[in-house]
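See structure below.
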Amino acid sequence: MKIDIKPLAIGKNSMEIEGSWSQVDQADEIMIAMYSIDAHDDMVKSLQAERDAMKKSMNFLKDLFGLSTKQVDKIYNHVDSQTLNLYMSYVCGLVKGGKAESFADFEREVEETKHPKEQPVKSDE
């Protein structure tokens, strides 16, 4: 499957991956780590969970796309955390068999879900 990698700013538009069981397992591990961030009442534990999720995410991207250390450093230094978190949801969804689409389309759908357009009120006239 082809995955949009433009948001990573590493000089390529897309990469082809297999979607193997190993990749699905890693995607599950990333999503569990991301959901664990909000599961802690303790701020320190929450920050530790966030760091753990970030490290797992970067290792996953490195393995999935065969990224070099230089490319990983570029992602760390140039991609904001909000974009990377959303991007990880996009990638994990695709690896797990989600709808093939560009990251921009995925991002647009997420925004529409957060802020749905108001439906016009029908009058009874």
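Every read-out reported here was derived from the displayed coordinates using simple, explicitly stated rules and does not represent laboratory data. What you are looking at is a predicted structure, and each value in this text was computed from that prediction instead of being measured. No Cβ is skipped: glycine too gets one built from the backbone with ideal geometry, and neighbour counts run over all protein chains shown.
What to note about this one:
- Most mobile listed residue (28, 41, 73) in the chain, GNM with C-alpha springs under 10 Å: 41
- Mean residue ellipticity at 222 nm, helices only, the chain: -20500 deg cm²/dmol; runs of at least 4 DSSP H residues each add -39,500 (n - 2.57), and the sum is divided by the number of residues.
- Dipole axis of the chain (+1 Lys, Arg; -1 Asp, Glu on Cβ), positive-most option in 49, 76, 92: 76
- Candidates 50, 111, 16: whichever shows maximal mean-square fluctuation once the chain is modelled as a Gaussian network with Cα springs under 10 Å: 111
- Computed from Cα positions, the angle between helix 103-114 and the longest principal axis of the chain comes to roughly 50 degrees.
- Neighbourhood charge, 12 Å Cβ-Cβ cut-off, centred on residue 27 and excluding it, Lys, Arg +1 and Asp, Glu -1: -2
- The angle separating the long axis of helix 43-65 from the principal Cα axis of greatest extent in the chain is about 70 degrees.
- Number of Lys-Lys pairs in the chain with C-alpha atoms under 21 Å apart and a separation of 8 or more places or on different chains: 26.
- Given (i) 1.03; (ii) 1.13; (iii) 1.23, the label whose value is Cα Rg over 2.2 N^0.38 Å derived from this model: (iii)
- Applied to region 16-25, the Karplus parametrisation 6.51 cos²θ - 1.76 cosθ + 1.60 on θ = phi - 60° returns per-residue 3J(HN,Hα) values of 9, 10, 8, x, 6, 4, 4, 5, 5, 4 Hz, with x for Gly and Pro.
- Taking the chain as a Gaussian network of alpha-carbon nodes connected by springs under 10 Å, the highest mean-square fluctuation of the residues 113, 83, 69 belongs to 113.
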